[in-house]
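**Q** Following this message is one structure expressed as structure tokens.
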């Protein structure tokens, strides 16, 4: 089904977009306040701005949403695999029971976002930015998070022990309660000004 046609129809008739399959779409979109429910996106390349968009029970496979502006958007019970969100903006967005697997999300901005019961597995999150983001039961499993930045976040209980967090920047308050391995602990101690003598 043609994605642009369905979006324009949804706006015209004030309806949600439901139970659709979008395959091999390559298009610029600049829309807001649209709801997708139980839709599948495969091999799509989308660019532009999709602010205040809602995705519920949607699947994304091998898609490229790099540099798309998703400000204030909602992702609920979505499964996202082998997809790119390089440089995408997720400011004030919400993620609930979302799974990212083998995705490239480098340089994305998650400032003021809210993540609950969300999992990142074997994904690249290098140089990502988190400012005042809220994390609850979020799992990072074997992810690359090199040079990512965390400021004023609630990271209590988040386990980074299987990830590469080399060169991350994080404020001391955000460090409280995080789980790391021994080598990571040594690296993070430098942020707190601790000198470990052998």
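**Q** For the chain, list log₁₀ I(q)/I(0) at each q in 0.10, 0.12, 0.14 Å⁻¹, using the Debye formula over Cα point scatterers of equal strength and ignoring solvent, two decimals each.
**A** -0.42, -0.59, -0.76
**Q** Tell me, in nm to one decimal, what length is gained between residue 187 and residue 61 on full extension, where the rule is 0.36 nm per residue of separation less the Cα-Cα distance?
**A** 41.8 nm
**Q** Separate question: Expressed as an acute angle from 0 to 90° and rounded to the nearest 10, what is the orientation of the C-alpha long axis of helix 182-191 relative to the principal long axis of the chain?
**A** Value to nearest ten degrees: 90.
**Q** Just the number, please: percent antiparallel of the DSSP beta bridges in the chain, rounded to the nearest 5.
**A** Restricted to the chain, the bridges split so that about 0 percent are antiparallel.
**Q** At 222 nm, what helix-only mean residue ellipticity would the chain give, in deg cm²/dmol to the nearest 500, using -39500 (n - 2.57) for each DSSP H run of four or more?
**A** Helix-only estimate at 222 nm: -3500 deg cm²/dmol.
**Q** Over the chain, with a Gaussian network built from C-alpha contacts below 10 Å, which listed residue (62, 181, 106) shows the highest mean-square fluctuation?
**A** Of 62, 181, 106, the most mobile in the Gaussian network model is 181.
**Q** Something else now. Over region 3-191, what is the relative contact order in whole percent, taking alpha-carbon pairs under 8 Å and six or more residues apart?
**A** RCO, region 3-191: 11 percent.
**Q** Could I ask something else about it? Where does helix 3-13 land angle-wise versus the long Cα axis of the chain, in degrees 0 to 90, nearest 10?
**A** Compared with the principal axis, the helix lies near 70 degrees.
None of the figures in this text is laboratory data; all of them are computed from the coordinates on show. As the structure is a prediction and not an experimental result, all values here were calculated from the model.
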